[in-house]
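All of the numbers you see were taken from the coordinates with simple rules; none came from a lab. This is a predicted model, so every value here is computed, not measured. Virtual Cβ from ideal backbone geometry, glycine too; neighbours counted across all protein chains shown.
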Amino acid sequence: MRSALIGAGQIARQHLTCLQGLPGVEVVALCDLSPSVAECAAERHRVRSWFTDHRVMLRQIRPDVVHITTPPTSHFHLALDALQAGAHVIVEKPATTTLEELNMLARCARELGRALIEDYNYLFNHASREISRRIDAGEFGAVVHVEAMLCLDILGPDGFADANVPHPVLSLEGGAIADFLPHLASLAHLFVGPHRRARAFWAKRKPSILPYDEFRGIVEAERGTACLAFSASAQPDAFWLRVYGERMQATANLFENRVTFNRLRPYPKPLVALLNGLEEGKSIRRAAVSTLMGKFTGGPGTYEGLFELLARSYRALGTGSELPVTIEHILAVNRLVDALKRDEETTVSGKGGARGPGHLEGSAA
Amino acid sequence: MKVLVTGANGFLGRHVVSALLARGIEVRALVRPAASVDDLGWPTSLDLFRADLRSSRDLEQAFDGVDVLVHLAAAVTGGAGEDAQFAATVVGTEHLLGAMARTACTRVVLASSFSVYDWSSIRGVLDEASPLEPIPDLYARDGYAIAKSWQERVVRRLACEHGWDLTVLRPGFIWGRDHAYLAALGIQISTFHLVIGPLSRMPMTYVENCADVFALAAIDPRARGQTLNVVDSEGERIWSFLGEYLRGTGQRGVRIPIAYRFAHLVVRLAFSTVFRRNLRLPQILIPCRFEARLKPLRYSNRRAHEILGWQPQLDFRECVRRTFANDTATRCDPHARVQARVSNQSLLSRPSSVP
């Protein structure tokens, strides 16, 4: 398959590195508004042509698959152009800035018989896959509840909170946190299904140009409940996932290789605690060593899920089998994202109420 | 003559502004919108232009009445990652020079870097004739080296395309107050300093000496079309400079010498075996980056001396004194520092230029 990328920044590098290792895939072109960025990426990854106008690239190259790795505010128009040029589209999250735009893209993809895939890489990390495997094997029993908490310092002056040039994601409802909501929502969807109701609490804990730096959401879904959270203040950086089943519970840090399980055992309670503790300790030690070795010996690191997702996507596109992320899946995840962004329930916090990000006057702690 | 200085509030930029003002040159200082300039001691009459080069808006206005661009702006550290460093350094340069192409300004002085050289292949003396890092080896280097190489590439292309007069200055380690712990000093673990190649020399230029070269290059027509390395001397030895640093900052530290050849061999072996040529390792564990920091070479300012008649006006002892002196008045006012330097010339010992 002949692939092309629109956007040649940091996340594009991960896509390019992965694609170069996939059998039967050739990256034939890439495009960026900056000629230096485009040329540098092409030179570095030995891509034979580069462009600064995506329409010219689509017209001249006619790629089979287009990866859209630009800032989210540009995704919709670029994805639409790529679909209309006859390409399958793999788009970074969030796929669009509004649900209406996503519905239009989904309709276009269906009409043209093309694939539309949003990057939910954390569903394909080793930890998420191992938990899913045990759920499918019946070890968990029914899943009752899932918690996903992303702790990420986004308040540094060089990133989202750069006061000199406003970051494009700040124009999203919810600001920089909205950039991460698809990760949280996709995990909730994976373990407890499409949502029925959602409530959200948005707050600003520290002074910065970000509209919000804290988020909590509670979700009632078809198969259970979920608590989703983002914190720019809780440190160190981590992406905690906890899945609670009727017979087993799992805890994972998706930024590392750590995943541990607690299970019901047919022994006296003190022995259950001991055995679970010993097993947990062994898993944590093994994960710590494996994470360190991974840093020394290379590999995708925290992007392992992206590599797995892309490998599965290309395999499915090549064989015509079911995609790892379907359009129905994307719509369900983004309906939850939209519900979390639009929750208008006033919630009382320690220093004042906060409203959904549609109401940007929210509290300033 | 009016000179536009980008990155004007940076470590080098503030001294370049002072050096130009001290020569009676009119300066327009370009700083980022959120940058604070209150403690720089600039005269209130200084022409300040606020813009972020990553955003291409309004940059043409910065060139109104400007004869020379001194382009210093670059992301020195990779705090937000290699791509953010590339955007701040290279995309910013694209925007700036794109705007310049629509104005009457035709003269550029670019701050490049020693990091653009191919350190792995150079033996003996590193000078302006030394080879640059080739493709694709460049992409094994760190984000700063990639960004500075690309910045120079972009500027040279545009200068050629538009017929501009270009001077490329490549400083070594620029040091001074609050910037004296250099990457070549080794690895610090608690109070222990692992000094790799203790007798190796570092290509160093004290910030005020370096700023002098930029000011000189901006106004001296002999600089046109030239590429010049900027170092104060053949280089200070790592061991002795670290000693100065520890004494100057009052830190307790134990220096542990490690032979360069031994460390280099270990790094090369480990990189190609245990670490499987992983480029996400700490810088010191990647051979080409190890060499770019620590390789024992000699350096020369002969060409800057021949072309511009430049000699560093402050000798090493005076630079050390200024770097570590507890002099709050000098610390807060770099403009006053230039004045003080001019008045202190006769007190200084012989300049340490390399013949």
* Asked: Which angle from 0 to 90°, rounded to the nearest 10, does the C-alpha axis of helix A:35-44 make with the longest principal axis of chain A?
  -> 70 degrees
* To do: Would you order A:Lys206, B:Lys295 from fewest to most other beta-carbon atoms within 10 Å of each residue's own beta-carbon?
  => A:Lys206, B:Lys295
* **Contact order relative to length of region A:122-349, as percent, for alpha carbon pairs under 8 angstrom and 6 or more apart** => 25 percent
* Charge dipole magnitude, Cβ of K and R +1, D and E -1 - region A:1-83, Cα centre, debye nearest 20 -> 120 debye
* Structure fact -> Comparing A:Ala234, A:Ala82, A:Ala226 in a Gaussian network model of chain A (Cα, 10 Å), the one with the largest mean-square fluctuation is A:Ala234
* Counting only C-alpha contacts under 8 Å and six or more residues apart, can you give the relative contact order of region A:2-118 as a whole percent? => 23 percent
* To do: Please pull out the direction-averaged projected area of region A:135-210, using the convex hull of its alpha-carbon atoms, in nm² to one decimal place.
  => 6.7 nm²
* To do: Place +1 on the Cβ of every Lys and Arg and -1 on the Cβ of every Asp and Glu in the protein assembly as shown, take the dipole about the Cα centre, and give the residue among B:Leu281, A:His195, A:Val337 whose Cα lies farthest towards its positive end.
  => B:Leu281
* Can you tell me the order of A:55-61, B:230-236, A:85-91 when each peptide is scored by its average per-residue count of other Cβ atoms within 10 angstrom, highest first? => B:230-236, A:85-91, A:55-61
* What is chain B's relative contact order, in percent, from Cα pairs under 8 angstrom and six or more apart in sequence? -> 19 percent
* **P(r), alpha carbons of region A:2-118 - 10 Å bins starting at zero, rounded %** => 15, 51, 30, 4
* Could you check which residue among A:Glu118, A:Glu328, A:Glu214 shows the biggest mean-square fluctuation in a GNM of chain A with a 10 Å Cα cutoff? => A:Glu328
* To do: Subtract the Cα-Cα distance of A:Arg265 and A:Glu26 from 0.36 nm times their separation in residues, and report this length gain in nm to one decimal.
  => 81.0 nm
* Can you pull the semi-axes for the protein assembly as shown, root of five times each eigenvalue of the Cα gyration tensor, sorted largest first, whole Å? -> 49, 30, 26
* Roughly what angle does helix A:126-136 make with the longest principal axis of chain A, taking Cα atoms, 0 to 90 degrees, to the nearest 10? -> 60 degrees
* Structure fact -> Note: B:81-88 gets an average of partner chain Cβ contacts (10 Å, Cβ to Cβ) equal to 5
* Structure fact -> Reduced to Cα centres, the span from region A:17-47 to region B:107-161 in Å works out to 22 Å
* Structure fact -> Bounding extents of region B:3-49 in its principal axis frame from Cα atoms, largest first in Å, are 28, 20, 17
* Separation between Cα centres of region B:283-305 and region A:157-218, rounded to whole Å -> 44 Å
* Of the cross-linked pairs A:Lys93/A:Lys206; A:Lys295/A:Lys341; A:Lys93/A:Lys204; B:Lys2/B:Lys148; A:Lys206/A:Lys341, which ones have a Cα-Cα span greater than 32 Å in the structure shown? -> A:Lys295/A:Lys341
* To the nearest 10 degrees, how steeply does helix A:181-192 sit against the main Cα axis of chain A, on a 0 to 90 scale? -> 50 degrees
* To do: In whole angstrom, note down how far apart the Cα centers of region A:230-262 and region B:12-28 are.
  => 54 Å
* Structure fact -> Amide H proximity to B:Ile174 below 5 Å, modelled H, separation 5+ or other chain, gives B:Thr205
* What is region A:122-349 by shape, rounded, prolate or oblate, if you read a ≥ b ≥ c off the alpha carbon gyration tensor as root eigenvalues and call it rounded for a/c under 1.5, prolate for a/b larger than b/c, and oblate otherwise? -> rounded
* **Residue among A:Gln60, A:Leu102, A:Thr73 farthest towards the positive dipole end of region A:29-111, charges placed on Cβ** => A:Gln60
* Asked: If you count, for every residue in B:31-37, the Cβ atoms of partner chains within 10 Å of its Cβ, what is the mean?
  -> 2
* Filter the trypsin sites (Lys or Arg not before Pro) in region B:179-231 down to the DSSP loop ones having no more than 15 other Cβ atoms within 10 Å, then list what survives. => B:Arg224
* Asked: In deg cm²/dmol and to the nearest 500, what is the mean residue ellipticity at 222 nm of chain B if only DSSP H runs of at least 4 residues count, each as -39500 (n - 2.57), divided by the residue total?
  -> -10000 deg cm²/dmol
* To do: Express the Stokes-Einstein translational diffusion coefficient of region A:62-120 in µm² s⁻¹, to the nearest whole number, given a Kirkwood radius over alpha-carbon pairs, 10 °C and a viscosity of 1.306 mPa s.
  => 146 µm²/s
* **chain B shape via C-alpha gyration tensor axes, a/c threshold 1.5** => oblate
* When Lys and Arg each count +1 and Asp and Glu each count -1, what net charge do the other residues less than 14 Å away from A:Thr69, Cβ to Cβ, add up to? -> -4
* Structure fact -> Ordered by number, the trypsin sites (Lys or Arg not before Pro) in region A:165-262 that occupy a DSSP loop and have at most 10 other Cβ atoms within 10 Å are none
